[in-house]
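To start, the structure itself, in structure tokens.
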Amino acid sequence: MNDTLSVKRVTPVQGMITSKPVALARRKSKVSRELNAVSAVLAREITLFFKSPGTIIMSLAMPIIMMGMIGGNMMQNMSSGLGFQLGEFMLVGMLVNMLFMTTTMGMATLVDDHETDFNQEMLVSPVSRYSLVVGKILGASFAAIVSMAGTLIVGLIMGITLHIGQLLLILALSPLICLSGGALSMILIGLIKSKKTANFAVMIITMPQMFLSGAIIPISNSHGALLVLSRLMPMTYCLDLTRAVVYAGTPEYNSVVMFNPLINFAAIVGLTMACLIIGTYFFARTEKNR
Amino acid sequence: MSLIEVNHLVKRYKGANVPAVDDISFAVEPGEFVAFLGPNGAGKTTTISILTTTLSLTSGEVKIAGFDVKHEARQVREHIGIIFQKPSLDPNLTAEENIRFHACLYGMCGYRPAFKLMSLAYRRRVLDLAEIVGIQDALFKPVKKLSGGMQRKLEIIRSLIHTPEVLFLDEPTQGLDPVSRRGLWDYINDVRRQYGTTIFLTTHYIDEAENVDKVCVINHGKIAICASPDEMKRSLLHQELILDAEQRDDLLDELTGLNLSYKANGQVVVPFSGTTAQEVIAGLKTPLNTLKIHEPSLEDAYVEFLHITGGAIQ
């Protein structure tokens, strides 16, 4: 069969169905359909990323601001007496922070979809709401991984390097970290209908995570309310797990890593699932219950 | 079994004093073309939103293709297609990318990152539909660069790509020019003929409902009437003869003598029912210089109906 079709093919009479159109058969397997839906939503996000120069520029500018300016300034002024290299500590923190922050910003585009009524198109389709949300999070993760790569480059310029093995392990953990950040952001963004509020919500979600989870400032001496808050934040466990991977077998391990990696992993999975269920419920509910 | 069954449906929005939809019931048979008419704020879009599972109901029961919209929403979505009142396209994607996204969500084909990589069946279907609706030249342009009419046509293609059993059209021709409107309806009628697709339409262009099987009028959240367009016209309006003569006074005397009521503003308008125009004219001897038969339109009947039942919601 000839598998090529010309886009400029012409049919005889416009406005009439002249022959029975080719029927498209639905996929039978439910799992296959859900995975296909996740891929479609994910692919849309990646397509939109490449069509938006602003997003690309922002994904690359953020590492310069976060790692280059904030990180650089802290390294110059606060690195003494810690018992470990602040540069490496902060680079790992910034990598995780970038994954969280950029994924959250990507999730905020759900509000754009609400404004253009594109959410309606998604919600009226016969696929699970979880597939839509997971696809959206994974799509937002793409920009996050670009930002992570930018952070590594900035780190390299600043003289902070990681081994290839460490990098690959961080890359392997990054989908879990993005899923965690995206699921957390769904709780707020799923409820929001205006772009202005969404931008504010991104700040509300990302800023406390950055400062209380130990991304740039060690939290081993935190106590009281700040300690409780830090333990409630999924990013705390994402960071600790990533640092456990990076610092494994090094003398600094005990000064830098707070929990057993299994505890971190369980906490991430538990918090992510809880956030995903609550956030998806809010998202579908606010679109439907008016 | 009816394809759409609505029983005692009620929808009350949060904080609203009165329900937007107030205990309505109706049924739509497979293959029927139903127009759901009503003034602004009457409850049309609320009803269609509930039927398409995008809005929750307050009470009552709605079944589409035998599936309950509340408990079996996913199965309902498998059987329906919808064109929303406001376009629901992604303006940053191309027309084809919007269709591809939809086709993948509906499980019609596996996602591939480029049109050329999609299945042959998909490509053929998209190109066929694009040519029929007349947007083949715009298929690979970003939606934000397409006119409102083009976007509407694109939505039609998208809603038909999974060959739904029921197609919900919520004011589908709003903002379209007359040529586009006609083209769209030609196509929708062809789809209906070919596939037996059931169509549930809301519109403010009453002429679009002239050829439907059934008209349901909703007003103040309640179904006011459900009948065929002919039944609706017959129950509300009469045919009219429009006459005039050089000797108009003689004509009017004759009409009075025949016990026929008339209005004489500009021309002489004689409503008639239970008789034929031929019988009326046969009784007249005055030479006529004007003779026309006015068939009431569905719009005339609709406006009359709203007038009788308390008018439109303001």
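The values are calculated or read from the model by the stated rules, or taken from the named source; none is laboratory data. Remember, it's a predicted structure, so these values are computed and weren't measured experimentally. When we count neighbours, we look across all protein chains shown, and the Cβ atoms used for this are built from the backbone with ideal geometry, even at glycine.
Out of everything in region B:189-234 that is without any contact (Cβ under 8 Å) to a residue 60 or more places away in the chain and among the small types (G, A, S), what residue ends up being surrounded by the fewest Cβ atoms within 10 Å (Cβ to Cβ)?
B:S228
So, in region B:39-62, how many residues would count as being more than 11 Å from chain A (Cβ to nearest Cβ) and on the phi > 0 side of the Ramachandran plot?
3
Which residue, of A:T206, A:T242, A:T236, is modelled with pLDDT of 90 or more, among the polar types (S, T, N, Q) and under 14 Å from A:G181 (Cα atoms)?
On the way: A:T206 fails: modelled with pLDDT of 90 or more; A:T242 fails: under 14 Å from A:G181 (Cα atoms).
Being modelled with pLDDT of 90 or more, among the polar types (S, T, N, Q) and under 14 Å from A:G181 (Cα atoms) holds for just one of A:T206, A:T242, A:T236, which is A:T236.
Which condition breaks for B:A114 when tested against (1) touching a residue at least 40 places away in the same chain (Cβ under 8 Å); (2) under 23 Å from A:N36 (Cα atoms); (3) more than 9 Å from every other protein chain (Cβ to nearest Cβ); (4) more than 27 Å from the chain's Cα centre (by Cα)?
Against the list (1) touching a residue at least 40 places away in the same chain (Cβ under 8 Å); (2) under 23 Å from A:N36 (Cα atoms); (3) more than 9 Å from every other protein chain (Cβ to nearest Cβ); (4) more than 27 Å from the chain's Cα centre (by Cα), B:A114 comes up short only on (1).
Pick from B:L154, B:L241: which is aliphatic (A, V, I, L, M), within 23 Å of B:E97 (Cα to Cα) and crowded, with 16+ Cβ neighbours inside 10 Å?
On the way: B:L241 fails: within 23 Å of B:E97 (Cα to Cα).
After applying the criteria, what remains is B:L154.
Among what's in region B:63-77 and is of a type in the set (D, E, K, R) and free of Cβ contacts under 8 Å to residues at least 24 places away in the same chain, pick the residue that is nearest to the other protein chains (Cβ to nearest Cβ). If you could, list the steps in order and put the result at the bottom.
As a first pass, look at region B:63-77 and keep what is of a type in the set (D, E, K, R): B:63, B:68, B:70, B:72, B:74, B:77.
Cutting the leftovers down to free of Cβ contacts under 8 Å to residues at least 24 places away in the same chain gives us B:68, B:70, B:72, B:74.
On the way: B:D68: 15, B:K70: 11, B:E72: 11, B:R74: 5 Å.
Of everything passing the filter in region B:63-77, B:R74 is nearest to the other protein chains (Cβ to nearest Cβ).
Being in contact with a strand residue (DSSP E or B) (Cβ under 7 Å, 6 or more places away or on another chain), at the interface with chain A (Cβ under 8 Å from one of its Cβ atoms) and either at positive phi or not in a loop (DSSP other than H, G, I, E, B) (or both) narrows it down to one of B:I82, B:I132, so name that one.
Numbers: B:I132 fails: in contact with a strand residue (DSSP E or B) (Cβ under 7 Å, 6 or more places away or on another chain).
Going through B:I82, B:I132 in turn, just one is in contact with a strand residue (DSSP E or B) (Cβ under 7 Å, 6 or more places away or on another chain), at the interface with chain A (Cβ under 8 Å from one of its Cβ atoms) and either at positive phi or not in a loop (DSSP other than H, G, I, E, B) (or both): B:I82.
Can you name the residue in region A:234-268 that is of a type in the set (A, V, I, L, M) and without any contact (Cβ under 8 Å) to a residue 60 or more places away in the chain and, of all such residues, is surrounded by the fewest Cβ atoms within 10 Å (Cβ to Cβ)?
Taking region A:234-268 first, the residues of a type in the set (A, V, I, L, M) are A:235, A:239, A:241, A:244-246, A:248, A:256-258, A:262-263, A:266-268.
Those left that are additionally without any contact (Cβ under 8 Å) to a residue 60 or more places away in the chain: A:244, A:248, A:257-258, A:262-263, A:266-267.
Numbers: A:A244: 20, A:A248: 13, A:V257: 22, A:M258: 20, A:L262: 10, A:I263: 13, A:A266: 13, A:A267: 20.
Ranking the candidates gives A:L262 first.
Read through the list (1) within 9 Å of chain A (Cβ to nearest Cβ); (2) in contact (Cβ under 8 Å) with a residue 40 or more places away in the chain; (3) closer than 23 Å to A:S39 by Cα, then give the number of the only condition that B:P87 fails.
Of everything listed in (1) within 9 Å of chain A (Cβ to nearest Cβ); (2) in contact (Cβ under 8 Å) with a residue 40 or more places away in the chain; (3) closer than 23 Å to A:S39 by Cα, B:P87 misses just condition (3).
Output the residues belonging to region A:213-224 that are crowded, with 16+ Cβ neighbours inside 10 Å and more than 12 Å from A:G93 (Cβ to Cβ).
Within region A:213-224, just A:S222 meets the criteria.
Does any residue of region B:159-176 turn out to be touching a Phe, Trp or Tyr at 6+ places or on another chain (Cβ under 8 Å) and acidic (D, E)? It would help to see each step written out before you state the result.
Taking region B:159-176 and keeping what is touching a Phe, Trp or Tyr at 6+ places or on another chain (Cβ under 8 Å), we get B:161-163, B:166-170, B:173.
Then keep just the ones that are acidic (D, E); that gives B:170.
The answer is yes, given that some residue of region B:159-176 is touching a Phe, Trp or Tyr at 6+ places or on another chain (Cβ under 8 Å) and acidic (D, E).
Restrict the check to region A:57-78 and report whether at least one residue is out of contact with any Phe, Trp or Tyr (no Cβ under 6 Å at 6 or more places or on another chain), within 11 Å of chain B (Cβ to nearest Cβ) and closer than 30 Å to B:I99 by Cβ. Outline the logic, then answer.
Just the residues of region A:57-78 that are out of contact with any Phe, Trp or Tyr (no Cβ under 6 Å at 6 or more places or on another chain), to begin with: A:57-78.
Checking which are within 11 Å of chain B (Cβ to nearest Cβ) leaves us with none.
No, region A:57-78 contains no residue that is out of contact with any Phe, Trp or Tyr (no Cβ under 6 Å at 6 or more places or on another chain), within 11 Å of chain B (Cβ to nearest Cβ) and closer than 30 Å to B:I99 by Cβ.
Considering only residues that are buried (at least 23 other Cβ atoms within 10 Å of the Cβ) and of a type in the set (A, V, I, L, M, F, W, C), look in region A:125-137 and name the one that is farthest from the other protein chains (Cβ to nearest Cβ).
Residue satisfying both the conditions and the ranking: A:I137.
In region B:23-70, what count of residues is obtained for those that are charged (D, E, K, R) and within 13 Å of B:Q85 (Cβ to Cβ)?
Quick first cut of region B:23-70, residues charged (D, E, K, R) only: B:23, B:29, B:32, B:44, B:61, B:63, B:68, B:70.
Narrowing the set further to residues that are within 13 Å of B:Q85 (Cβ to Cβ) leaves B:44.
Of the residues in region B:23-70, 1 are charged (D, E, K, R) and within 13 Å of B:Q85 (Cβ to Cβ).
Restricted to region A:34-53, and to residues that are without any contact (Cβ under 8 Å) to a residue 40 or more places away in the chain and under 18 Å from the mean Cα position of the chain (by Cα), which residue is nearest to A:A149 (Cα to Cα)?
In this case the residue turns out to be A:F50.
Being under 20 Å from A:M233 (Cα atoms) and not hydrophobic (A, V, I, L, M, F, W, C) is the filter here; which residues of region A:245-275 pass it? Quick ask: steps written out before the conclusion?
Keep residues of region A:245-275 that are under 20 Å from A:M233 (Cα atoms), which gives A:245, A:256-275.
A:N260, A:P261, A:N264, A:G270, A:T272 - these are the residues of region A:245-275 that are under 20 Å from A:M233 (Cα atoms) and not hydrophobic (A, V, I, L, M, F, W, C).
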